[in-house]
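Structure record follows, encoded as C-alpha cells.
The values are calculated or read from the model by the stated rules, or taken from the named source; none is laboratory data. Just so it is clear, the structure is predicted and the values come from calculations on it, not from any experiment. A quick note on method: Cβ atoms are made from the backbone with ideal geometry, for glycine too, and the neighbour counts reach across all protein chains shown. Heads up: the accessible areas ignore ligands, DNA and RNA and are worked out on the full protein's heavy atoms, side chains in. Shrake-Rupley method; radii C 1.70, N 1.55, O 1.52, S 1.80 Å.
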Amino acid sequence: MQVMTSTDGDPAHVRAAPSHPDPYPYYARLSRARPFFRDEINGWWVAASAASVAEVLASPVCLTRPLNGPVPEALRGGAAAEIFGRLVRLRDDEAHGKLKDAVAGALASIDLRQVADTARRRAAELYSELGPARDTSWIARFMFALPVQVIAHLLGIPQRHFGDVMGWLGDYGAAAAAAGTGIPAATPEMIARGHRGAKALLDLVGTLADDPERRGPLFDALIREAARLGCDDKDVIVNAIGYMIQGYAGTASLIGSTLLALARDPALCAKVDADRTLLRPLIGEVARHDTVTSSTFRFMARDGAIAGHELRQGEMIIVLLAAANRDPTLNPDPDRLEIARADRKSFEFGAGAHACPADKAASLLVEIAVDHLLTWRVPLDRLEASLTYATSGHVRTPLFKD
C-alpha cells in the first residue's frame with residue numbers, strides 16, 4: 001500500500017487522507033480553520049466544515065458527476081460503463097428521483113427481522129466455510145463476505161455463485177474507483193477485469209430479473225417499486241447490483257472500523273462484550289468518529305456561489321464527510337469516541353438527494369457481524385499489528401493481514 005504523506009506526517013492532500021494511518025488531526029484542523037477552500041496545487045475545491053458540507057450536499061448546482069463525463073473515459077465501451085452510468089447514487093438526470101424512490105422503497109419494504117435472520121444464518125455457515133483458522137486474515141475475509149452474501153441471498157442469487165460474485169464485485173469496484181478517482185491509477189489489465197466482472201454480474205442478475213420463481217424478496221420488491229414508478233428495466237438490474245456494491249465496500253469497512261475501536265479500548269470491549277445492546281450505539285459512533293466514506297465528489301453544473309465563494313461550471317469539490325464529522329459545531333467534543341453521545345449527528349450516510357437509504361440495513365449487518373466475531377473470540381488484540389488501509393481517494397477500508 002502506498003500512503004502519501006507530507007513531511008510533517010499529514011496526508012499530502014485530502015484525497016490521500018483515507019489511506020493514511022491517522023488522518024483525523026488533519027481533518028479536525030481543516031474543519032475548524034479551513035471550512036471551504038481551493039487547493040491551488042491540485043485544482044480542486046474542498047468542503048471541510050459541517051456547514052459547507054451540508055450546503056454542497058443540498059445544492060442542486062452540485063452534481064455527483066461532471067456534465068461532460070458522467071461515465072469516466074477509462075470505463076467507456078464496456079460493461080463497467082453500463083453499471084457505472086446507471087447507478088442511482090451517481091446520477092442527477094430526470095430518472096434519478098423515480099429510481100431513488102424505487103431503491104429506497106424496496107429496502108423499506110423488507111422486514112429487518114428477515115435481514116437479521118438471514119445474516120445470522122449466513123454468519124454461522126461462513127464460520128465453517130472459511131476454514132478453521134481464526135487469525136486476522138480470517139476476520140478480513142469474513143467481514144467482506146457476510147454483507148455481500150446476505151444481500152445476494154435477498155436478491156435470489158444461488159449460494160453456489162457467492163464466491164464468483166465476490167470476485168466480480170471486487171474487480172468492478174477496483175476498476176470503477178481507479179477510473180473515477182485516479183487513486184490508484186487505472187491500468188489496462190484492471191479495466192479489462194472490471195469489464196469482465198461487470199458483464200458477469202449483469203448476466204447473472206439479468207437472468208434473475210426474468211425469473212420470478214428464483215428472485216429473492218429484495219429483488220421482487222425493487223422490481224415492484226420500479227414498475228410502479230415507471231423505471232427503466234436496465235436501471236433495475238444495475239441497481240440490484242448496486243446494493244451489493246455498497247455492501248462490498250462500505251458495510252465491510254464499517255465492520256473493520258468497529259472491530260478496531262474495540263481492539264484499541266479493552267475496557268470498552270469488555271463493556272460491549274458483556275452487554276451486546278451497546279453494539280448499536282457503538283456502530284453509530286464509529287461511523288461518525290472513523291468515517292468510512294471519508295469524502296465524496298461534487299461538480300458544478302454551472303457558475304455559482306458555494307459557501308461564499310464563486311465557483312465556475314465544471315469545477316470539482318471534494319466533500320470531506322470525515323472532516324465535517326469532526327466539526328465541533330456538529331457534535332461537541334468531536335474527537336472523543338463516546339457511545340453514549342446524545343443527539344449524535346453524522347454525514348457517514350450522506351445527506352440531501354443522494355443520502356444512502358440503506359443506513360438501517362447496513363448498520364444491522366455490521367451489528368450482527370461484530371456480535372458473532374466477539375462470540376467467537378477472534379483475536380482483536382492482533383488487529384492493530386496487522387492493519388493497513390486500502391489505497392483509495394474516498395473510502396477508508398481497514399485491511400488485516402497476518
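Quick notes
- Each residue in region 243-302 was checked for being open to solvent by 10 Å² or more (accessible area, probe 1.4 Å) and small (Gly, Ala, Ser), and 9 pass.
- Complete set of residues in region 197-218 that are surrounded by 18 or more Cβ atoms within 10 Å (Cβ to Cβ), more than 20 Å from the chain's Cα centre (by Cα) and within 29 Å of residue 297 (Cα to Cα): 200, 202, 205
- The residue pairs whose first member lies in region 357-376 and is open to solvent by less than 40 Å² (accessible area, probe 1.4 Å), whose second member is modelled with pLDDT of 95 or more and among the hydroxyl-bearing types (Ser, Thr, Tyr), and whose beta carbons are closer than 7 Å, counting only pairs six or more residues apart or on different chains, are 362/251; 365/251; 366/251; 366/258; 370/258.
- Residues located in region 314-335, provided they are open to solvent by 50 Å² or more (accessible area, probe 1.4 Å) and touching a residue at least 40 places away in the same chain (Cβ under 8 Å): 328, 329, 335
- Restricted to region 86-173, the set of helices (runs of 4 or more DSSP H) holding at least 3 residues that are over 22 Å from residue 351 (Cβ atoms) comprises 112-129, 136-155.
- Enumeration of residues in region 74-98 that are among the acidic types (Asp, Glu) and in contact (Cβ under 8 Å) with a residue 24 or more places away in the chain: 82, 92
- Among the conditions (1) open to solvent by 10 Å² or more (accessible area, probe 1.4 Å); (2) touching an Asp or Glu at 6+ places or on another chain (Cβ under 7 Å); (3) aliphatic (A, V, I, L, M), the only one that residue 88 does not satisfy is (2).
- Summed over region 18-34, residues that are under 14 Å from residue 329 (Cβ atoms) and either open to solvent by 20 Å² or more (accessible area, probe 1.4 Å) or without any contact (Cβ under 8 Å) to a residue 40 or more places away in the chain (or both) total 2.
- So residue 69, is it in a loop (DSSP other than H, G, I, E, B) and at positive phi: no
- Inter-residue pairs, beta-carbon under 7 Å, first farther than 12 Å from residue 372 by Cα and in region 121-137, second open to solvent by less than 60 Å² (accessible area, probe 1.4 Å) and of a type in the set (Ser, Thr, Tyr), 6+ apart: 136/386
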